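Undergrad: First the structure, which I've put down as structure tokens, then a few questions once you've had a look.
The values are calculated or read from the model by the stated rules, or taken from the named source; none is laboratory data. Here the structure is a predicted model, which is why all the values come from computation and not from measurement. Here Cβ is always computed from backbone atoms with ideal geometry, including for glycine, and neighbour counts include all displayed protein chains. Protein only, heavy atoms only, side chains kept; ligands, DNA and RNA dropped before computing areas. Shrake-Rupley method; radii C 1.70, N 1.55, O 1.52, S 1.80 Å.
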Amino acid sequence: MQRTNFGEMACSIARTLDVVGEPWSPLILRDVWVGMTRFDQLQADLGISRKVLTERLNHLVDQGVLERRPYDNRPRHEYHLTVKGAELVDLLMVMTRWGDKWLAGEAGPPVLYRHHACGEISQVDLRCTHCGEPMHAGDIDPLPGPGAAA
């Protein structure tokens, strides 16, 4: 079955999904972010097949989200986030906030995040880059941008 190429759509959400829309990709990025950089670590944590993990890692490297770094004389590599990949972790943090609010249940969030700047446990809060006010779906009007479809 041929996968739809969302990268050709004039939509930033579709283009982002083309990079990380397959369900294993965000979980791989999460693991690399927290320090699991080797293939065997990723496979053990995720319980993913070697074939699927290889395909996903190749895709994320091809997209410039991860980079491979050799770590011994054999052809073995560690995977590290690029600048592009580190910015995708911000997206994962927004997903985490939603999951913590709506899906964590009585047990509460499985992971807490300490902010380096103030040392406090916090969560992601979307804010306008111009005025600093909260920015949620009901607070904005989507307008056509310069790259909009004709």
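Undergrad: Once amide H atoms are placed 1.01 Å from N in the peptide plane, what residues at a sequence separation of 5 or more from LEU66, or on another chain, have their amide H within under 5 Å of its amide H?
TA: Close amide H contacts, sequence-distant or interchain: VAL61, THR82.
Undergrad: What accessible area per residue, rounded to a whole number of Å², is obtained for region 1-138 using a probe radius of 1.4 Å? Intermediate values should be presented prior to the final figure.
TA: Values: 9820 Å² over 138 residues.
Each residue of region 1-138 exposes 71 Å² on average to a 1.4 Å probe.
Undergrad: Ok, one more. Build a GNM of the chain with springs between Cα atoms under 10 Å: which of ARG15, ARG114, ARG50 gets the top mean-square fluctuation?
TA: Ranking ARG15, ARG114, ARG50 by mean-square fluctuation puts ARG114 first.
Undergrad: Turning to a different aspect of this structure: When ranked by the protection proxy of mean other Cβ atoms within 10 Å per residue, highest first, what sequence do the peptides 130-138, 62-70 form?
TA: Top to bottom by mean Cβ count within 10 Å: 62-70, 130-138.
Undergrad: Could you give each residue of region 19-34 its phi-based ³J(HN,Hα) in whole Hz, using Karplus coefficients 6.51, -1.76, 1.60 with θ = phi - 60°, and x for Gly or Pro?
TA: 8, 10, x, 6, x, 6, 4, x, 6, 5, 4, 4, 5, 5, 4, 8
Undergrad: Amide H of TYR113: which non-local residues (sequence gap of 5 or more, or other chain) have their own amide H closer than 5 Å, using H built in the peptide plane?
TA: The list, which skips near neighbours in sequence, is SER122.
Undergrad: If amide hydrogens are placed 1.01 Å from N in the peptide plane, which non-local residues have theirs closer than 5 Å to the one on ARG38?
TA: Correct list: TYR79.
Undergrad: Let me ask you something else. Where in region 84-135 are there GluC sites (Glu not before Pro) that are in a DSSP coil and have at most 12 other Cβ atoms within 10 angstrom of their Cβ?
TA: Filter output for region 84-135: GLU106, GLU120.
Undergrad: When the accessible area of the chain is computed with all protein chains present and a 1.4 Å probe, what percentage of it is carbon and sulfur?
TA: 56
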